[in-house]
Each structure stands twice: as structure tokens, then as C-alpha cells.
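Read through the structure below, which is laid out as C-alpha cells, and then see the notes.
What follows draws every value from the coordinates through simple rules; no lab data is involved. Note that the structure is a prediction, hence the values are computed from the model and not measured. Counting neighbours? That spans all protein chains shown, and the Cβs are built from the backbone with ideal geometry, glycine included.
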Number of protein chains: 2
Amino acid sequence: MASTISVNSPADFHVHLRQGSLSALVTPHVKKGGFDLAYVMPNLKPPVTTTEQALAYKQTLEKIDPSVEYLMTLYLSPELTPDEIRKAKKAGVSGVKSYPRGVTTNSDGGIESYETYYPIFEAMQEVDMVLNLHGEIPSDASANTHILNAEPKFLPHLHKLHATFPRLRIVLEHATTRAAVEAVKSCGPTVACTITAHHLALTVDDWAGQSWNFCKPVAKYPDDRTALREVILEGHPRFFLGSDSAPHLPHTKSTSTPSHGCAAGIYTSPILLPLVAHLLESFGALDKLEGFVSNFGRAFYKQATSVEHSKVVLRRPTAGKALVDEKYTLGEDSVVPFWAGGELGWEIATQ
Amino acid sequence: MASTISVNSPADFHVHLRQGSLSALVTPHVKKGGFDLAYVMPNLKPPVTTTEQALAYKQTLEKIDPSVEYLMTLYLSPELTPDEIRKAKKAGVSGVKSYPRGVTTNSDGGIESYETYYPIFEAMQEVDMVLNLHGEIPSDASANTHILNAEPKFLPHLHKLHATFPRLRIVLEHATTRAAVEAVKSCGPTVACTITAHHLALTVDDWAGQSWNFCKPVAKYPDDRTALREVILEGHPRFFLGSDSAPHLPHTKSTSTPSHGCAAGIYTSPILLPLVAHLLESFGALDKLEGFVSNFGRAFYKQATSVEHSKVVLRRPTAGKALVDEKYTLGEDSVVPFWAGGELGWEIATQ
């Protein structure tokens with residue numbers, strides 16, 4: 001069994017870096033977790049809807065940690081215009097994120113129907129900007145739509161968008177179901193899919209009554225988890241890591257009242273590369289690590305490794321075991337990572 | 001629209017009355033919630049496994065509130081013998097509760113296979129004692145068994161037990177799925193089914209990230225909830241109320257840590273009759289209230305209303321609305337009811 005692994009400049013193609021003091025705490029964790037590139041989600045308050053906002057946000061992040069490359073996104077909303085898309089592309093903005101209304105953190109301004117946005121998608125296809133889809137439809141009891149079938153029921157939208165805009169690069173974000181894996185596989189080379197670390201570990205049983213494991217989309221059934229693992233084992237180049245690492249202050253994760261539940265989101269940034277290595281090893285896919293966390297996503301996003309990026313080396317824990325920190329604190333803020341207090345089979349040696 | 005409803009002596013055919021100080025707090029809530037009869041679960045620590053323990057427990061409950069009739073049960077476990085069944089029957093114990101191992105609160109001593117217990121079931125059939133089934137099989141990722149299909153996957157056990165012991169009265173407890181409703185319907189007159197109040201209100205979306213709505217079995221999909229409502233609307237006499245009201249101290253419900261989740265259970269006893277009336281009215285089944293909360297269960301359990309039991313009368317809230325209490329306290333213990341702070345369309349006028 002190998003005692004070190006060298007990984008080409010890791011890239012996390014879906015991460016939440018928040019704003020204000022929380023951002024100051026969590027942004028440096030991208031690098032701490034072994035990653036050189038962060039594809040940054042735009043669901044701030046207010047959401048990032050213009051090129052100016054995206055560039056200002058990028059500057060803020062670079063001020064916190066200039067050693068990471070930040071790829072910026074806009075939030076798909078009625079304010080967006082084809083002109084703004086062309087402007088954003090010229091300014092280096094990478095993608096546009098679509099949230100169905102109300103399905104996750106800060107998605108109140110999310111979309112209700114895609115047809116309205118066809119002129120936007122047309123412009124995106126023309127300038128080669130990526131469309132990032134949160135692939136769930138809102139729950140609707142009258143149609144028996146709920147959080148466990150919200151993703152499979154979204155997939156016809158993916159197929160329709162792909163058929164209508166075949167050259168538009170689309171990423172189905174944080175896939176959690178066998179149905180989603182199969183749908184993406186059946187699409188052409190312009191459609192890819194991110195998979196989180198935590199969805200490789202959890203099933204519905206793990207978040208029932210355990211809000212620290214609660215995120216959106218929720219982890220599904222064991223067979224769905226198997227499908228995510230299988231497509232990684234297969235080394236499919238259109239499936240790569242997007243951690244969806246989503247920090248929340250501990251009291252919003254740990255405490256519910258009868259009138260208010262817990263925040264959705266799992267925080268993996270500070271342990272991400274060792275965690276992914278640990279999980280891939282658990283199902284025999286350690287040899288697929290570099291493709292999954294770096295090469296496949298970089299190829300799809302046309303983000304070749306730049307020369308200044310060094311390889312990251314993982315090693316077996318020198319202290320016999322690598323324990324996940326219980327929490328990280330800066331000023332009055334703290335965040336608790338996934339698997340807090342747990343044990344990982346790998347640690348970062350050099351980066 | 002009627003402004004009062006009179007209900008024949010209500011009977012809750014599945015309730016957890018706990019022990020010690022918590023029992024002193026919650027036992028009077030049976031009557032407060034409008035009920036004259038409590039069918040008492042045996043999952044104490046240690047579980048109630050002998051006639052002596054059941055009688056002692058009954059005495060304790062009668063000391064707390066002598067106005068309620070308590071029907072006692074034994075916990076199915078290897079200690080139980082056919083002789084003990086005959087002894088229990090003579091002493092007035094009503095049933096035996098089977099818990100699959102590890103699926104809910106205090107079920108560590110639950111059963112793993114039914115064949116071992118056939119001599120017990122034979123004796124129960126002979127003396128006409130009721131078998132109460134917690135109808136879930138344990139989760140097993142390798143078989144894609146999880147908390148959402150654990151009940152449908154249990155149903156072959158129900159059919160096999162019914163076929164093997166056709167005269168044994170069996171109750172499938174707290175059914176949550178369309179599959180369970182259909183399975184019970186397809187059985188003969190010796191098989192009945194309890195339905196809780198909260199499963200008429202909740203779906204999986206309601207307990208995701210909201211531990212106050214987390215119970216076992218978990219609330220399922222909207223179509224399953226529809227099936228529960230439909231069988232009540234139909235007035236099917238083998239489907240009746242068993243609240244599964246399960247009190248837990250607030251800190252065990254409201255607070256999770258990364259290493260420890262929240263307790264499973266929803267507490268409905270103190271508001272039970274108004275809550276059930278409210279829910280049945282919401283789907284047009286108010287005229288089925290008396291059958292569902294009294295007559296059907298009493299008929300199956302051969303518990304005719306005794307003359308000393310008065311009718312309970314519900315009325316429209318005299319204060320314009322009836323708010324559910326935020327909590328109930330006795331000494332250092334408190335419990336928070338389902339729908340705390342919420343509004344009910346009915347209140348108890350006289351009982």
C-alpha cells in the first residue's frame with residue numbers, strides 16, 4: 001500500500017466562501033484542505049448578480065488568501081442580461097449558478113422556469129460560459145415531490161437544456177442519485193457533474209435526527225451512494241469533485257426549536273483532500289484520486305495547471321492517526337468540520 | 001359546520017408513559033388530551049418482560065392518575081415463555097410488543113428473527129393475547145435497506161406471521177406507508193393497524209433538519225401520508241389511533257453534536273384529541289373521528305366502553321383560537337408538545 005500520494009494541483013469546483021467575518025475564517029481553509037483553486041458560489045446576501053459584484057468579491061477573497069485561484073460565478077436571476085454575460089466573460093467570470101427557488105441556503109431569489117432565461121443561455125453558449133445547475137425541483141405534496149425525489153424529478157430539465165443548447169457547458173452540481181449519474185452519462189461531452197465528499201460517506205439514515213449531517217440536496221439511499229462511488233471507480237472524466245463545503249455557525253447547525261430547524265450544509269474545506277483520499281480508499285478508488293480532484297474538473301473547465309502550482313503530497317499520518325479538528329475559530333466566529341473528532345487515513349505532507 | 005363534537009370514551013392504543021419523574025409529568029397528560037384508556041408500551045429501562053413488572057408498572061401509573069384505564073404489554077424477548085404468557089393473560093396483561101433490534105428508543109434488546117418466538121405466539125393465540133409489531137427491519141446498506149423502506153420491507157414478516165397464526169390478533173403499529181395500509185387491508189379480521197396523529201401531518205420534508213419532527217418510524221412521502229388519510233376517510237374499522245406519543249427531555253430533542261444526534265419521538269398526549277380532530281377535519285374526515293379514536297380500537301381490543309366512562313365533548317375554541325402550550329413542566333423535567341405554539345381548531349369542553 002502506497003505511503004504517499006502526489007496529486008496535481010487540486011481544484012474544488014463548488015465551494016461556499018461566504019462574506020464578512022465568516023469569510024475571513026473559512027477562505028484560508030481552501031488551501032489548508034489541500035486545494036489551489038476554488039470555484040466560488042454566488043449565494044451571498046444579497047446574491048452576486050453583476051460583474052462588478054463578482055470582481056469585488058474576488059478581490060476580497062484574494063485579500064484574505066492570495067495563494068488560491070478563485071473562479072467566480074453569477075447568480076441566475078431576472079436582473080441578468082445577455083450584455084452582462086458578455087461583460088462578465090470578458091472580466092473573467094467563469095459561470096452562472098441556477099438555484100430553484102427556496103430549495104437551499106439563500107435561494108429565495110432562485111428561478112422558477114428556465115424558458116425565461118433562454119436569451120441568457122444563448123449568450124453563455126456563444127461566449128462559452130458554464131451553467132451550474134442546482135438540480136432539484138421544489139417540494140410539492142400534491143405531486144408527491146419531496147426532498148428525496150427532487151433531484152430525479154429535475155433531470156428532464158437537464159436533458160431539455162442540453163438538447164436546446166448542445167454547446168453550452170453545463171454542470172449538474174452535487175449529484176446524489178443513481179438517476180442523476182445516469183442522466184449525466186447519457187449526455188454529450190458538454191455536460192459534467194460534481195460530486196461532494198460527504199455524499200460519498202452519508203445516506204438518509206445518517207442525517208435523520210442528526211442535523212450536522214443535514215445538507216441540500218440531502219444524502220439519499222445506499223444504492224444512490226453506490227452509484228456515486230461506482231462512477232468515480234470507473235474514472236469517468238465528466239464526474240469530478242465539487243465539495244459544496246458550506247460553513248454555518250455552530251448554533252445554527254446544532255440547535256433546533258419547534259418553530260425553527262437547523263441550517264442545511266456540511267463543512268469539509270479544511271480537511272477536503274485527506275477526506276476525499278480516505279473515502280476513495282474505502283471503496284478501492286484511491287488510484288482515481290488525481291482525476292477526481294484535479295485533472296477531470298480542470299479539463300472540463302479549461303483550467304490547465306499553471307506552472308506556479310505545486311503538486312500536493314499526501315502521506316500516512318505521522319502520528320499514527322490524523323484526527324479531524326473539533327472546530328476552527330477566528331474572533332467570535334467558529335465552524336465545525338464534517339467528521340469532527342474523527343480519524344482520517346491520510347494527511348497533507350507538503351503543498 | 002358543527003360547533004361541538006361528542007366522542008365516545010377515547011382510547012389511545014399506543015403510548016409511552018416512561019418511568020420515574022418523567023412518568024409523573026406525562027401520565028396525567030393522557031386524560032388532559034381527552035383519553036380514558038392508554039395502551040402502554042413496555043420499552044422501559046430495563047424493559048417490562050414479566051407479569052410482575054407489568055403489574056407493578058400499572059400500579060405506579062394508577063397512583064399517578066387513577067382516572068385512566070391502563071392496558072399493559074410485555075416486551076418480546078428471549079426471557080418470555082409460554083407459561084409466562086398464560087400467567088400474564090390471567091393477570092390482565094393485554095399484549096406483547098415486538099421491537100426489531102436497534103430501530104428505535106430503547107430497542108437494543110429487540111428481536112432478530114420471529115421463528116424463535118413461535119411457541120410464544122402459539123400460546124398468545126391460544127389465550128387470545130395481542131401481538132403488537134413495530135414493523136421495520138434494521139437498516140442494511142448492502143441490501144439498500146434504509147429508514148424510508150424499512151417498513152415496506154417488513155411487511156412479508158406480517159404476512160407470514162398472519163398466515164402461520166391466523167387466529168392471533170396482530171396490530172401493525174404506527175403505519176407510515178401506503179404499502180403498510182394495503183398489506184393490513186389484505187389481511188383477515190385478526191390484523192389491525194394503528195396510525196399516529198403526527199404521521200397524518202408530517203412528511204419527510206418536515207423532519208429534514210428539524211429534529212422536533214423526527215420520530216421512528218420516520219414520516220414518509222406525501223403519497224404515503226395520503227394513504228393514511230384515505231383509509232381513515234374510508235372509515236376502515238381495522239385502522240385506529242395509536243398516538244405513539246413519546247416524550248423526551250427538551251435538550252435531547254433540540255441539541256445535536258457532531259457525534260450525537262437527537263432523540264426519536266414526538267409528544268402528542270396533552271393535545272391528542274383536539275389535534276386528531278383538527279387533522280381529520282383538514283382532510284374532510286371529521287365524521288370519522290369517533291370510530292378512529294374510540295370505537296374501532298375498542299372493538300378490536302374487546303374493550304367495550306364501561307358505564308363510568310363519560311363522553312368527551314370538543315368545541316370550537318371559546319377564545320377564538322386554541323394555542324398549543326409551549327411546554328409542560330414538573331419539578332426539573334419538562335416536555336414540549338408537537339405543534340408547540342401552534343393553533344388548533346378544537347378544544348376539550350367537558351370530559
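Using 20 Å bins from zero, what percent of all Cα-Cα pairs in chain A falls into each bin?
32, 62, 6
If you place +1 on the Cβ of every Lys and Arg and -1 on the Cβ of every Asp and Glu, how big does the dipole about the Cα centre of region B:112-242 come out, in debye to the nearest 20?
Result for region B:112-242 is approximately 220 debye, rounded to the nearest 20.
Please state, as a whole number in µm²/s, the translational diffusion coefficient that the Stokes-Einstein equation yields for region B:149-195 at 37 °C and 0.692 mPa s, with Rh defined as the Kirkwood radius across alpha carbon pairs.
Estimated via Stokes-Einstein, D reaches 313 µm²/s.
Let me know the mean shielding of A:247-254 by other chains, meaning the per-residue number of their Cβ atoms within 10 Å of its Cβ.
Mean shielding by partner chains, rounded to a whole number: 2.
Can you give the mean number of other chain Cβ atoms that lie within 10 Å of the Cβ atoms in peptide B:199-210?
Taking the mean over all residues of the peptide, I get 6.
Got a sec? Charge dipole of region B:207-264, +1 on Cβ for Lys and Arg, -1 for Asp and Glu; which of B:Pro247, B:Pro217, B:Leu228 is way out at the positive end?
B:Pro247
Using the alpha carbon gyration tensor of region B:89-242, what are the three equivalent-ellipsoid semi-axes (square root of 5 times each eigenvalue), largest first, in whole Å?
Values for region B:89-242, descending: 25, 19, 14 Å.
From the label point of A:Lys321, set 7 Å from Cα along Cα→Cβ, how far away are the matching label points in the other copies, in nm, ordered shortest to longest?
Label point to label point, same position, other copies: 5.2 nm.
What is the mean number of Cβ atoms from other protein chains located within 10 Å of the Cβ atom of each residue in peptide B:142-152, rounded to a whole number?
Mean partner shielding for this stretch: 4.
For the protein assembly as shown, build the charge dipole from Cβ charges (+1 Lys, Arg; -1 Asp, Glu) around the Cα centre, then report which of B:Ser77, A:Val26, A:His162 sits farthest towards its positive end.
A:His162
According to the square roots a ≥ b ≥ c of the eigenvalues of the Cα gyration tensor, what is the shape class of region B:196-319, taking rounded for a/c under 1.5, prolate for a/b larger than b/c otherwise, and oblate for the remainder?
In terms of gyration-tensor shape, prolate.
Using every Cα-Cα pair within region A:20-75, state what percent have a distance larger than 17 Å.
For region A:20-75, the share of Cα pairs beyond 17 Å comes to 31 percent.
Given a cut-off of 31 Å, name the pairs among A:Lys31/A:Lys160; B:Lys90/B:Lys220; A:Lys89/A:Lys253; B:Lys31/B:Lys89; B:Lys160/B:Lys327 whose C-alpha atoms lie farther apart than that in the structure shown.
Over 31 Å Cα-Cα: A:Lys31/A:Lys160; B:Lys90/B:Lys220; A:Lys89/A:Lys253; B:Lys160/B:Lys327.
Send over the per residue convex hull volume for region B:142-227, Cα only, as a whole number of Å³.
97
Mind checking region A:1-81 for GluC sites (Glu not before Pro) that DSSP puts in a loop (not H, G, I, E or B) and that have at most 13 other Cβ atoms within 10 Å?
Filter output for region A:1-81: A:Glu79.
Which whole-number value in Å³ per residue fits the convex hull of the alpha carbons of the protein assembly as shown?
174
Run down the aspartates and glutamates and flag those whose C-alpha is under 17 Å from the C-alpha of A:Lys45, throwing out any fewer than 8 positions away in its chain.
Cα-Cα hits under 17 Å: A:Glu79, A:Asp108.
Taking the Cα centre of chain A as origin, sum charge times position over the Cβ atoms of Lys and Arg (+1) and Asp and Glu (-1), and report the length of that vector in debye to the nearest 20.
400
For region B:187-250 and region B:131-157, compute the distance between their C-alpha centroids and round to whole Å.
16
Where does the charge balance sit around B:Glu234 when Lys and Arg score +1, Asp and Glu -1, over other residues with C-beta under 14 Å from its C-beta?
Residues near B:Glu234 contribute +2 overall.
Given +1 on the Cβ of Lys and Arg, -1 on the Cβ of Asp and Glu, and no further charges, what dipole in debye does the protein assembly as shown carry about its Cα centre, rounded to the nearest 20?
Using Cβ point charges on Lys, Arg, Asp and Glu, the protein assembly as shown gives about 140 debye.
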